[in-house]
Every structure is written in C-alpha cells, then in structure tokens.
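Have a look at the structure below before the remarks.
The values are calculated or read from the model by the stated rules, or taken from the named source; none is laboratory data. It should be emphasised that the depicted structure is a prediction, and the values quoted were computed from it without experimental measurement. Every residue, glycine among them, receives a Cβ derived from its backbone with ideal geometry; neighbour counts consider all protein chains shown.
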Amino acid sequence: MNTKMKLFSYNTVDTPIHQLSGLTKLICFLFLSFAVMYSYDIRVILLIMAFSVYILRVSRVQYSQIRTMVLYVMVFVLTNLVITFLFSPEMGVELYGTRHVITKLVGSISLTWEQVLYQVTKFFKYISVIPLGMIFLLTTNPSEFASSLNGIRVNYKAAFAVSLTLRYFPDIQREYHDISQAQQARGLDLSHKAKFMDRFKNALLIIIPLIFSSLDRIELISNAMDLRGFGKSKTRTWYTCKALNRADYVALILSALIFAGSLAVSAFINHSRFYNPFL
Amino acid sequence: MKKDLFKVTTKTIVATGIGAAIFMLLFMYVKVPSPVPETSFQTAYGLSAFFATLFGPIAGALISFIGHALSDAVQYGSPWWSWVIASGVSGFIFGFAFKRTKVEEGEFKGKDILTFNVIQIIGNLVAWVVVAPVLDILIYQEPVNLVFTQGFTAAIMNIVSAGVIGTLLLVAYAATRTKKGSLAKK
Amino acid sequence: MEKQAIIEFKNFSFQYYSQSAPTLHDINLTIYKGEKVLIVGPSGSGKSTLGHCINGLIPFAYKGEISGSLAIKGQDTREKSIFELSKIVGTVLQDSDGQFVGLTAGEDIAFALENDNVPHDAMQSRVKQVAEMVEMDQLLNSSPFELSGGQKQRTSLAGVMIDNVEILLFDEPLANLDPATGKTAIEIIDDIHKDSDKTVVIIEHRLEDVLHREVSRVIVLNDGRIVADMDAHELVCSNILTETGIREPLYITALKYAGVEVTCDMHPGYIETLEIGSAKGTVKSWFKAIPPETPHSENPCVLQMEAVSFSYDGARPILQDIHFDLHEGEMISLVGKNGAGKSTLSKLLCGFEKVDKGVIRYRGEDIKDKTIKERAEIIGLVMQNPNQMISKALIYDEVALGLRLRGVSEEEIKPRVEKVLKICGLAPFIDWPIAALSYGQKKRVTIASILVLDPKILILDEPTAGQDYRHYTDIMEFLVELNRLGVTIILITHDMHLMLEYTPRAIVLSGGRMIADTAASFILTNQEVIEKANLKETSLYHLAELAGIPDGTHFVQGFIDYERRLKNR
Ligand SMILES: Nc1ncnc2c1ncn2[C@@H]1O[C@H](COP(=O)(O)OP(=O)(O)OP(=O)(O)O)[C@@H](O)[C@H]1O
Ligand SMILES: Nc1ncnc2c1ncn2[C@@H]1O[C@H](COP(=O)(O)OP(=O)(O)OP(=O)(O)O)[C@@H](O)[C@H]1O
Ligand SMILES: [Mg+2]
Ligand SMILES: [Mg+2]
C-alpha cells in the first residue's frame, strides 16, 4: 500500500470551476448524475457526457490525476459488458420489444441490434458519471465538503461525521502502515506465499490493534468535541461555507435545466425511460 | 429500548467518522482473497458489524454508507449508488445487535454470539439479495439473473466476513471490558 | 481586594462506575479568580480525574458516584450542563492530534463558534484575531500534517480561547513537545494569564519545566488525596516531592548532593529566583571533589550509517547525509526538535523504509538487502505508542507472538518468554489480560515482546513519555540492566534529564541533518546546538553560574558522574 497517496489530490488551480462554492458543485453533481442515472436515452447520455468532459477540461484536471480511476472503471465496465451478455443475451429484445438479428452465434444465442443498443447505452451510462464525480472530487476543497452536505439539508451531525472521516483517514492510514511494519518485524509474513488461513490470521493481527487503538481515539475526540460544545443546538454554522454568487446561480440553473431536460425527453419524446429507435 | 437504539451522541458521531475512515482503508486495501478465484472477503464488513454492535444502527448505517461512497469515489471517481445504499442498509440492520448483546458488560458468549450472527445474516441477506439487486434493476436495468447471482455471492462472502471477523472482534472487545465495581487495587 | 473563589471543592469524592474504591477522596480545594495553579502527582493519582470534574466530563461523559460538592463560579456543577460549563472552562487536552478536529487550523479554531451558530463573517474576523494572539495567523489554511507539534498546541490553545472562557485547564500540555517548544508553551500560557485575568490550572508531570514561569500555588495529589497545597518555594524545600515520587528540579538535587540545606529564604522554587549566597563555597568544593570518570575503552563498531539520505516523497528531504558509528554495548540518545527526523531514522535502521543514498552497515556488512524480518533479528524497535504493537489479549501470547511467527516450538517458547517476563518485572502478571495493565506496564510488555527475539541492538522511541518519575526510573534502570548484559541501546527522547542521566553520548538532529555527536553534558551547555535543535539548557548550568563555576560543562559532567557513582552504575 502506498502511504504517499493523498486521499483526494485536490489542487488549488484557479479556474472558474474551483471558484464555485462546494455546495453548488455538490448540487450540480447530483442533478447531472441523476439525469444520466434516470435516462436510458443514448443521445441524452452522450450529450451530458460531452458536457462534463468539457467541464473537466475547463477545470484543468491533469490526466495523471485520474489515470488510476480511469483504469479501474474500464476494467469494471468491460467485465460488466461481457458478463451481461453471457447472462442475458436477450435483455435488449425484452426491453425494446423487437428483434433484429445481426448474426447468429453459438447454439441458440445470437447478437441483436437491440442488445447492442442496450449494452452500448449502459456502457456510456456508467462511464458518463465518472467525469462528473472527478470534477467534484478534484476541484472541491475537502473543508467545504461537510458544509455543502449540510447545505443540501443533510443533518449537520452526519455531515460532520464525513468531515471527521476526511480528517482522520490519513492518520489511520499511517497508523495501519506502522502497525503492519511492526508486526512484520516480529516475523509476520504478509507476502502472497502464505497459506489462505494464515493470511487471514495475519490480517487480523494488524486489524485488531488498529481498531482497538481507534476506540481510545474515539473517546478522546468525543470528549474534546463535547468540551467545545458540539451538538448543543439544532443547527450550526460553518467557517468554510462560501456565500453563493452569480456564477453559482448560473451553474445551479444550468444543471437544473439539464436535469429537467432529461426528464422531459423521457416524458414527452420517448414516453418511457428508453429511447427506442426500433419501433 | 427503541428510543435508546437511535440516540445520537457526540460519541456516535465520532465513532461514525473514525469508523468510516477505517472502513475505507479496509475496503480498499485489506481484502482477504477467498479460495474462489477472483473474489475476496471484504474485511470492512466485519468492521461495520463490530462498530454497529457497539454504537447502534445510525452509526452502522453511516459508517458503511460513507465509507463505501468515499472509497468508490476515490477508486472509480463516483459512488456506485446501488451498492453504496445496500452497504448502508446492511450496517443499519447490523445495528440492531446494539443493546441486544452483553458485550459492553464484558460478556460475549454462546447466546450473544448467536444473536449477533442471526442479525448479521439477516442484514447481509436483505442488503445484498434484496436491496442491491433491486436498485441495480431500477437504476441501471441490469439483467435480473445477473444481479441476483452477484447478490447471492456477495451475501455469502459478507456473511462469512462479518461472522468471522465481527465475532472475533467482539470477543476480543468483551475481554477488555470491566464490570461495575470490579477494579480493585492490588 | 477580597479574593473571589472560582472553583470550590468541598469534601468532594468521586468513584468511577467500574472502580471498587473512590479515585478522589475528600478533596477540599479552593482556587481563586486570576490564580495560576499547578497540579502535580504520580501517575494514577487522580489529576486528570480532578480536571474532568472541573470541565464537566465528570459526570457528563464518565459515570460514577459523587459525594460532597464542587462549585464553579458559585454554582454546583451537577446543576449545569457540559455546554454551560464549556463557556466558563476551556480545556486543552494532552493529545493535540485528538483535539484537532478540523481539516485546517482555521476550522479547528472556529469549532466552538460554529457550534454556537456565530455568523460566517463575525466568525472569520474573530478567528483571525485569536490566531494573531498565538501567532498562527499565517497558518490558518494548513492541515494538521503540515503543522509541527508546537503549532498544533497553539491551535488548540486558540481553539479554547476563542470562547472567552474564564478558566483555562491544561492536562499535560508538555507531553511530546520538544524542550524549546515546551518552554514556549509555558511562556504563551503565562503571557495569556498575565494579559487577561483568566484563572489557569495546569496538570503536568514535568514540574521543573512548568516552573520556568511563576505559578501562584502548587497542589500535590497522591492516591486521590491532596497532600500539599503551597507555593513553589515551600514545596521544593519540603520532602513531599521525593515522598510522592515526583521528580524535583535538577538544581535542587545537585544542591542536596552538595550537602546544602535548601531553605525557603533561598527562594528555590524557580532557578531564576534562586539565591545560594553562602552556599556557593559548599557547591564549589563538592564539585572539585568529584573524581573524574575514567573513559571507557571503546568496543568494536556494531552499526554504521554512512552518508545516509532519505525522503518520503522524493521531493522534500527528511534526512540528509547522516554519519555515525555505534559501538557495541553503548547506550546513546537521539534528540532533536519535533519533526527533525528521529523516528524516520529508526525506521531506516529497521528497514521499514529504504535509504535513498548512503549505506547502513552491521559489523561492517551492508544490510541493504536484508528484509524487515531479517533485520529484526539484529535490531529491535519499540515504537512510541504501545497500543500500536499489542495485538493479543494475554501478556504471555503477546510476548510469544514473535517466536510463534518464526515457527519456534512451544517447548522452547515457554522458558524464553518466562525469562524475558521476569527481566521486565512482569512475571507476576503472566496470565493477565493486557487490558488490565497501566500504560507503563504495557510499554514494558512491548519491550518484552521485542527482547524475546534477542536483538543485538534495541531502539526505543520515547520510552518514558507521559510516565511519572517512579515508572520512569523503573524503565530506565531496567534498560541499564539490559545494557550491562551487552545489548546496545538507542533512545529517542525529548527528555533532557534522561539524556544527561543515562546516556554518555548523544546525537542531535535538526532539520534532517546531524548537528552534533558528542558528550551529553556538552550538548546541553552549548548555546548553538541548543538553539538549532530546539533543546533547552539544563538548570545545572545556571547553578554553576550562580556558584561562580566558570566551566558549566564540567559541572554538568561532574553531576552525572557523581550520580552514577551514587547509584552504583
Ligand atoms: N474512565 C475510567 N474508568 C475507571 N477508572 C478510571 C477511569 N479513568 C481513570 N480511572 C482510574 O482512576 C485513577 C486515576 O486516574 P487519572 O487518569 O486521574 O490519573 P492521573 O493522575 O491523571 O495519571 P497520569 O499522570 O498517568 O495521567 C487510575 O487508577 C485509573 O485507573
Ligand atoms: N510516513 C510519512 N510520510 C510522509 N512524511 C512523513 C512520514 N512520517 C513522517 N513524515 C515527515 O517527516 C518528518 C520527520 O518526521 P519524524 O517522525 O521522523 O520526526 P521526529 O523527529 O520523530 O519528530 P517527533 O519528535 O515529533 O516525534 C516530519 O516532517 C514528518 O511530517
Ligand atoms: Mg492524566
Ligand atoms: Mg518521533
């Protein structure tokens, strides 16, 4: 495990996207990802995807920052593509209600245009949320994260729990690293040579001290927070909360329109979540 | 009893924050490969079952939800909502073991182990065999047979993981607890 | 003007839920507005418990039985909520990482205001104002990893001052701080006390360090009872410190060795106020009479570092060009300011991290290709925090773990573990659960679990942090014993007393470079090294000045030699 890794490589480049308030970005992220999650219309999905790739460019995210994510996602989506076909080669036919065979494959299985459309749409549906998430993660200051959640009416205590997670993840990661080294120095074998049961036991030898020292830490932190009045009233203000300005409202309205547009396409043009060119 | 179950104190919140951080770490890095190729036991569900038993359903639900959502975000760039929500549901149900076992009083034996495991199995089944597949179908229109196959595999893996790791952690924790008026100077 | 009581304990006792006897007995204590009070006492005497009663964690977070009464500003604390109390009492906890809940310094300082629903703009300006008071205004956007221990401590201080509390309570503010930062912390606390009329309560083991600035009174707790409540001068003249196992200031020890009777009219509470007048001659002749120690013959070299450099991220160098030789059977200190790279150096020796440049040799052989496991057979590392090493429930299993992992047979393990537990003074506890041990005992369990692997070289990272004098002496005497058996020992420490008392030689790191490798007595009298490495000169040096002894270094060395002979080492 690489302890040099930062949780989010948030970088302070000065772009219009970075300047938006965290709350705005969170709401836009939710609007746009719900838009693609709802719609099964490949035209809508591709449009939103093109838009978000453009925003990704504007926010000057480097490819090196997102390379591992892209790889992970590709592996995931391609696996999904293959097993979907293996499990349900007729899924498209069921969904669209017609059957246009392209070519016969082994046995009774054949490739249909409906299946192709279904799988291609699903493929883009999956990958189109990725740039959206990346924009949000890489351009939002982690400090603004909790106040933004509270801004969309998430209970402030739950929002603060997220902030604590971000605050203590690096500490826990470092501690995990230290414990695992200390145990290795006593002869623990963490390599892949060990047998399954041994690896299981060895993992426990690291997890147990990690968790038990965290229990002490929980007591300490909650005392510190009680002593400084956490939870005394029903609401709370945030030091990092930025006031919304014009750019924020523009972004909010734009993403709301895209969301509404995607719903409208389904409701008035396709008359369902699906775009069906076969009828 | 019911009221107690959902009480949120500062400690619940801190346990949630720290628990989610550990969940993330385990979820991303500490997977124990299973004998079945290409699959692994997520030790993270052992952790969420343990924390849920100590701190209740709210903490349990949030730990799995936040932990899973953030690890997905770090790894894939965006949370995989159907599975993230299922994780949250599993943690929530694990939380019903809170106050139903005597682990805080330093006892975790036969009956408590059984209670914990029954709850943990129900939680995993509901989350992975019902919630996750249904959401997958609703949101992504995944093929029914595919999602249920995946769901069953996940449920079994997570039942084993929560059962073994969760039980071991609780037994170890019970050993560190002290009873009322039990500590005397030597 | 009539003194106004702000904290009043009357016949107060407290018993924790899980305890069979009260932890605090019959406390009668009044603290007046504007006072600065120091509370000392051995570990487990109930100091933190007393602090918890004042800030409301008892009975809010810790359950138990209270009898008698405690009033803050004339009102019984049982009638107040912890939130009301937090408006009056601000607490700075020992662990600055635990207290630091914000993602940046600014957020952390603002925490109390956020909970109070202070509007955003008012909050920003108030944070700025308070940050200026503790000189943190340039660092408001820094995350905890970018701050040094001292800066985190300042952040915590600002975080409680922001609420305009009347009482400031510090629980061991100096633990884990390097000596100079600790000194600055005491100065900041003192300045705040003088500039505002706040009441200050400090709980601390390091008596001499707190007495760097004046305090109104010192209260000594022992076994849950108040055994002394007097000013610093009176206290150091009495026998109370030695009787309760608290370390007295070093210059007092030296005066006692010299046969000087310490009396109140010498104003001995602070080195700054000490007048030794007629005793000058006594001190001088005592010093002259100490026969110089004959230097030891040098053993062969066991470990060498040659031009070692290291960086975690490839960009910021952490260690640069480190050179030193360690001889067989030596016991040395590794000292330097917070973040200087001491722990990093120990990780390089154990192979946890790989050197970027340079060579580490063991008995002349490069150990670059040895794995962590192989190096562990030569070099054992005891980490600072015992909780990070302990993974078993029972002491026996914990100590046996390393041997089991190495596949040693159970018949062979038993005698080895028993022997080590005996050396470490843990034999009576052999089948105890570790959870029932105190911090100091846990620390010894971790030492035992490393010792059982028979390392030739032992590295201990802050072995005595947060321990009281009695446990400190236990641990150190035990290490001396091991050292006699031939184990070479490296101690990483912030405790200058420890360095002086136990290790003839010390290596000083500053900003990743080695700036000294010489006699411990010399380091603590050398202004340049002291400044660069955030150390603090020893009060013995001032005593030498007061006694008119020009060669301070020799005086310090003389003291060490005398003490060593006294303790027959
Ligand atoms: N939460 C608790 N439950 C039960 N007993 C406790 C608790 N906290 C402390 N004690 C006991 O109370 C006694 C006093 O503890 P306290 O922490 O006040 O000591 P202290 O003087 O601050 O020591 P130190 O210098 O080591 O911090 C100890 O014997 C300890 O075991
Ligand atoms: N795992 C790590 N990754 C990156 N940087 C680290 C890591 N561990 C330590 N550092 C950095 O290396 C520097 C030296 O740290 P180190 O822990 O060696 O200091 P130290 O001398 O032991 O300090 P202290 O007296 O506070 O314990 C610090 O600036 C620290 O922030
Ligand atoms: Mg204490
Ligand atoms: Mg260190």
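Side notes on the structure shown:
- For B:A127: the one exception among (1) in contact (Cβ under 8 Å) with a residue 40 or more places away in the chain; (2) surrounded by fewer than 21 Cβ atoms within 10 Å (Cβ to Cβ): (2)
- Screening B:G106 against (1) under 27 Å from B:I18 (Cα atoms); (2) among the small types (G, A, S); (3) crowded, with 20+ Cβ neighbours inside 10 Å leaves a single unmet condition, (3).
- Figure legend. Inter-residue proximity from the range C:355-376: first residues under 20 Å from C:A307 (Cβ atoms), second residues assigned to a helix (DSSP H, G or I) and among the hydrophobic types (A, V, I, L, M, F, W, C), beta-carbon distance below 6 Å, spacing 6+ or different chains. Indicated pairs: C:V355/C:L348; C:R375/C:C350.
- Selected residue (only one of B:G77, B:G88, B:G110 is at pLDDT below 95 and either of a type in the set (D, E) or within 22 Å of A:F29 (Cα to Cα) (or both)): B:G77
- Filtered residue count, the range A:79-127, keeping only those that are of a type in the set (D, E, K, R) and more than 20 Å from A:I45 (Cα to Cα): 4
- The lone criterion from (1) closer than 25 Å to C:E328 by Cα; (2) touching a residue at least 12 places away in the same chain (Cβ under 8 Å); (3) away from every other protein chain (no Cβ under 14 Å) left unmet by C:E418 is number (1).
- Taking the criterion of being over 14 Å from C:I457 (Cβ atoms) and either among the hydroxyl-bearing types (S, T, Y) or within 16 Å of ligand 3 (Cβ to nearest atom) (or both), the residues of the range C:340-354 that qualify are C:S343, C:T344.
To keep it simple, each residue is scored yes or no on (1) of a type outside the set (A, V, I, L, M); (2) in contact (Cβ under 8 Å) with a residue 12 or more places away in the chain; (3) within 12 Å of chain A (Cβ to nearest Cβ); (4) under 29 Å from C:Q384 (Cα atoms).
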position	(1), (2), (3), (4)
C:A112	no, yes, yes, no
C:H120	yes, no, yes, no
C:S125	yes, no, yes, no
C:E135	yes, yes, no, no
C:F145	yes, no, yes, yes
C:G149	yes, yes, no, yes
C:I189	no, yes, no, yes
C:I192	no, yes, no, no
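- Where helices (runs of 4 or more DSSP H) fall entirely within the range B:1-104, those with at least 1 residues that are in contact with an Asp or Glu (Cβ under 6 Å, 6 or more places away or on another chain) and within 11 Å of another protein chain (Cβ to nearest Cβ) are at B:10-29, B:81-94.
- Long-range neighbours under 7 Å by Cβ, at least six apart or interchain, first residue assigned by TED's automatic domain parsing to the domain that holds C:P504 within the range C:329-343, second away from ligand 4 (no atom under 13 Å from the Cβ) and of a type in the set (D, E, K, R): C:E330/C:R505; C:I332/C:R505
- For C:T91, the conditions (1) within 8 Å of chain A (Cβ to nearest Cβ); (2) away from ligand 1 (no atom under 13 Å from the Cβ); (3) surrounded by fewer than 24 Cβ atoms within 10 Å (Cβ to Cβ) are fulfilled apart from (3).
- Filtered residue count, the range C:112-151, keeping only those that are crowded, with 23+ Cβ neighbours inside 10 Å and in contact with a Pro (Cβ under 9 Å, 6 or more places away or on another chain): 0
- Only one entry of A:F123, A:F160, A:F169 meets the criterion of being more than 10 Å from chain B (Cβ to nearest Cβ), in a helix (DSSP H, G or I) and either surrounded by 24 or more Cβ atoms within 10 Å (Cβ to Cβ) or modelled with pLDDT of 90 or more (or both), and that entry is A:F123.
- Here C:S18 fits the description: free of Cβ contacts under 8 Å to residues at least 24 places away in the same chain, more than 16 Å from ligand 2 (Cβ to nearest atom) and either among the acidic types (D, E) or surrounded by fewer than 20 Cβ atoms within 10 Å (Cβ to Cβ) (or both).
- The numbered conditions (1) within 30 Å of C:V508 (Cβ to Cβ); (2) at the interface with another protein chain (Cβ under 10 Å from one of its Cβ atoms); (3) touching a residue at least 40 places away in the same chain (Cβ under 8 Å) are all true for C:V160 except (1).
- So C:A228, is it surrounded by fewer than 22 Cβ atoms within 10 Å (Cβ to Cβ), without any contact (Cβ under 8 Å) to a residue 60 or more places away in the chain and either within 29 Å of C:F559 (Cβ to Cβ) or not assigned by TED's automatic domain parsing to the domain that holds C:V556 (or both): yes
- C:A71 touching a residue at least 24 places away in the same chain (Cβ under 8 Å) and more than 30 Å from A:I172 (Cα to Cα): yes
- Boolean, C:Y362 is farther than 22 Å from A:K201 by Cα, surrounded by fewer than 20 Cβ atoms within 10 Å (Cβ to Cβ) and touching a His at 6+ places or on another chain (Cβ under 9 Å): no
- All positions within the range C:534-569 that are polar (S, T, N, Q), in contact (Cβ under 8 Å) with a residue 24 or more places away in the chain and over 27 Å from C:A185 (Cβ atoms): C:T553, C:Q557
- Residue satisfying condition, being within 16 Å of ligand 2 (Cβ to nearest atom), closer than 24 Å to C:D191 by Cα and outside the structural domain of C:T464 (by TED's automatic domain parsing), within set C:Q138, C:Q94: C:Q94
- Selected residue [in contact with a Leu (Cβ under 7 Å, 6 or more places away or on another chain) and assigned to a helix (DSSP H, G or I)] from C:A131, C:A122: C:A131
- Residues of the range C:384-403 that are under 27 Å from C:K342 (Cα atoms), in a helix (DSSP H, G or I) and within 9 Å of chain A (Cβ to nearest Cβ): C:N387, C:Q388, C:G402.
- Matching option when the condition is within 16 Å of ligand 2 (Cβ to nearest atom), of a type in the set (A, V, I, L, M), assigned to a strand (DSSP E or B) and buried (at least 22 other Cβ atoms within 10 Å of the Cβ), among C:L381, C:L349: C:L381
- Unmet criterion (only one of (1) within 30 Å of C:Y17 (Cβ to Cβ); (2) in contact with a Phe, Trp or Tyr (Cβ under 8 Å, 6 or more places away or on another chain); (3) not aromatic (F, W, Y)) for B:G151: (1)
- A single entry from C:I367, C:I378, C:I360, C:I395 fulfils the requirement of being within 26 Å of the chain's Cα centre (by Cα) and away from ligand 4 (no atom under 16 Å from the Cβ): C:I395.
- Test for C:A185: is it over 21 Å from the mean Cα position of the chain (by Cα), crowded, with 20+ Cβ neighbours inside 10 Å and over 25 Å from C:I82 (Cβ atoms): no
- Screening the range C:426-440 for residues that are within 12 Å of chain B (Cβ to nearest Cβ) and in a helix (DSSP H, G or I) and picking the one that is farthest from ligand 4 (Cβ to nearest atom) gives C:P428.
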